[in-house]
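Participant: I'd like to ask some things about the structure below.
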Amino acid sequence: MSDLLEAAGLRKSYHQGAQALEVLKGVGLVLQAGEVAAIVGPSGAGKSTLLHLLGGLDRPTDGAVRFEGRDLYGLPDRARAQIRSRAFGFVFQFYHLVPELTVLENVSLPAWMANGAGGARAGRERAAELLEEVGLSHRLTHRSAELSGGEQQRVAIARALMNRPRLVFCDEPTGNLDSETGKSVLKLLLRINQEEKTAFLIATHEPAITQVAGRVLHLKDGRLWDSKST
Ligand SMILES: Nc1ncnc2c1ncn2[C@@H]1O[C@H](COP(=O)(O)OP(=O)(O)OP(=O)(O)O)[C@@H](O)[C@H]1O
Ligand SMILES: [Mg+2]
C-alpha cells in the first residue's frame with residue numbers, strides 16, 4: 001500500500017467574538033490507498049471539522065494535508081478544487097443535495113463538475129446504476145427536496161461514488177438509515193472498496209462500521225488516537 005493522505009500538526013480554531021474555540025489541537029494521520037478507517041468521538045469532538053480539513057474544504061489554522069504527496073492548502077484554489085472533484089467523494093452529515101434538482105441530476109452533478117454537460121450526459125447510466133444499488137431506482141425524477149432524510153442520505157452516497165473517487169469522506173453515512181438499509185449501504189461501500197480499491201474515511205457512531213473498519217481512530221480533546229489496526 002502507498003500513502004494516499006497525510007496530515008500533520010492540524011489545528012483548527014473557531015473565533016466567536018473575542019473567544020477562540022480550539023477544536024483540533026495538533027492532529028496527525030496517514031491513510032493508505034484502499035484503506036477503510038473509522039473516526040469516532042463524542043458529539044462536538046470535531047469529526048466533521050477534521051473531515052472538512054482533510055477533504056480540502058476548509059483551511060486549517062495550522063498544519064498541512066498532503067494528498068498523493070501534494071500539499072492541498074499550498075495549491076492554488078483551482079488545483080485544490082480539481083483534486084476535490086476528481087479524486088474525492090463526500091457524504092456530508094447533512095447531505096447538501098441541491099433541493100431543486102432531481103435525484104438523478106444530483107448524482108450526475110460530480111460528472112458535470114469534472115467534465116461539463118457532456119460528462120453529466122455520459123454519466124447518467126452510472127448514476128442510475130448507483131441509485132439502483134442504494135435502492136432508489138423508483139425515485140430518479142423526484143426532486144431531492146421531496147425525499148425522506150434516509151433517502152437523501154442514500155442519494156448523497158451515490159453522488160459521492162459517481163466519479164470513482166480514490167478517497168471518500170463519509171460523515172455519519174448511515175446515521176439516518178434503519179438497520180437493514182444501513183447494512184446494505186455498508187455492504188455497497190465495502191464492495192466498492194474491494195473492487196475499486198477506493199479508500200474510505202468514515203466518521204461514525206455505528207458499531208457495525210467500526211467492526212469492519214481496518215482502523216478506528218478516536219478523536220478526543222482535540223487529538224486523534226489509533227485504537228485498532230489490522
Ligand atoms: N463554523 C463554526 N463556527 C464556530 N464553531 C464551530 C463551527 N463549526 C463547528 N464548530 C464547533 O466546533 C466543535 C466541533 O464541531 P464538529 O461539527 O466538528 O463536531 P462533530 O464531532 O462532528 O460532532 P457531531 O458528532 O455532533 O456531528 C463544536 O463544538 C462546534 O460547536
Ligand atoms: Mg459531525
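Participant: Taking region 200-230, which residues are farther than 19 Å from D3 by Cβ, touching a Ser or Thr at 6+ places or on another chain (Cβ under 8 Å) and within 15 Å of ligand 2 (Cβ to nearest atom)?
Facilitator: Passing the criteria: A203, T204, E206, I209, H218.
Participant: On to the next question. Can you find a residue in region 55-64 that is within 24 Å of K197 (Cβ to Cβ) and within 16 Å of ligand 2 (Cβ to nearest atom)?
Facilitator: yes
Participant: On to the next question. Looking at D226 and the list (1) touching a helix residue (DSSP H, G or I) at 6+ places or on another chain (Cβ under 6 Å); (2) part of a strand (DSSP E or B); (3) away from ligand 1 (no atom under 16 Å from the Cβ); (4) not small (G, A, S), which single condition is not satisfied?
Facilitator: Here D226 meets the rest and fails (1).
Participant: Give all pairs with beta carbons closer than 9 Å in which a residue from region 45-72 that is touching a residue at least 60 places away in the same chain (Cβ under 8 Å) and at positive phi meets a residue that is more than 10 Å from ligand 1 (Cβ to nearest atom) and of a type in the set (V, I, T); count only pairs at least 6 apart in sequence or on separate chains.
Facilitator: Sorted first by the residue in region 45-72, then by its partner, the pairs are G46/V27; E68/I83.
Participant: Also, quick follow-up: Mind listing just one residue for me: the one in region 154-169 that is crowded, with 22+ Cβ neighbours inside 10 Å and in contact with a Pro (Cβ under 7 Å, 6 or more places away or on another chain) and, of those, nearest to L190 (Cα to Cα)?
Facilitator: My answer is I157.
Participant: Continuing with this model, one more query. What number goes with the only condition from (1) touching a helix residue (DSSP H, G or I) at 6+ places or on another chain (Cβ under 7 Å); (2) within 16 Å of ligand 1 (Cβ to nearest atom); (3) at pLDDT below 95 that G149 does not pass?
Facilitator: (1)
Participant: Further question: Might you check whether a residue that is crowded, with 22+ Cβ neighbours inside 10 Å, within 16 Å of ligand 2 (Cβ to nearest atom) and β-branched (V, I, T) occurs anywhere in region 174-187?
Facilitator: Among the residues of region 174-187, at least one is crowded, with 22+ Cβ neighbours inside 10 Å, within 16 Å of ligand 2 (Cβ to nearest atom) and β-branched (V, I, T), which makes the answer yes.
Participant: Within region 189-209, which residues are part of a helix (DSSP H, G or I) and either touching a Leu at 6+ places or on another chain (Cβ under 8 Å) or surrounded by fewer than 18 Cβ atoms within 10 Å (Cβ to Cβ) (or both)?
Facilitator: Scanning region 189-209 gives L190, R191, I192, Q194, E195, E196, P207, A208, I209.
Participant: Give the residues of region 1-20 that are among the polar types (S, T, N, Q) and in contact (Cβ under 8 Å) with a residue 40 or more places away in the chain, sorted by residue number.
Facilitator: Listed by number, the list holds a single entry, S13.
Participant: Where residues in region 1-16 are within 12 Å of ligand 1 (Cβ to nearest atom) and of a type in the set (S, T, N, Q), which of them is modelled with the lowest pLDDT?
Facilitator: Applying the filter and picking the extreme gives Q16.
Participant: If I go through region 122-141 residue by residue, how many of them are over 14 Å from I157 (Cβ atoms) and without any contact (Cβ under 8 Å) to a residue 12 or more places away in the chain?
Facilitator: The total comes to 4.
Participant: Quick one: would you say G55 is more than 10 Å from ligand 1 (Cβ to nearest atom) and either more than 26 Å from H218 (Cβ to Cβ) or touching a His at 6+ places or on another chain (Cβ under 6 Å) (or both)?
Facilitator: Against the criterion (more than 10 Å from ligand 1 (Cβ to nearest atom) and either more than 26 Å from H218 (Cβ to Cβ) or touching a His at 6+ places or on another chain (Cβ under 6 Å) (or both)), G55 does not qualify.
The values are calculated or read from the model by the stated rules, or taken from the named source; none is laboratory data. Just so we're clear, the structure is a prediction, and the values are computed from it rather than from any experiment. Heads up, the Cβs are rebuilt from the backbone with ideal geometry, glycines too, and the neighbour counts pull from every protein chain shown.
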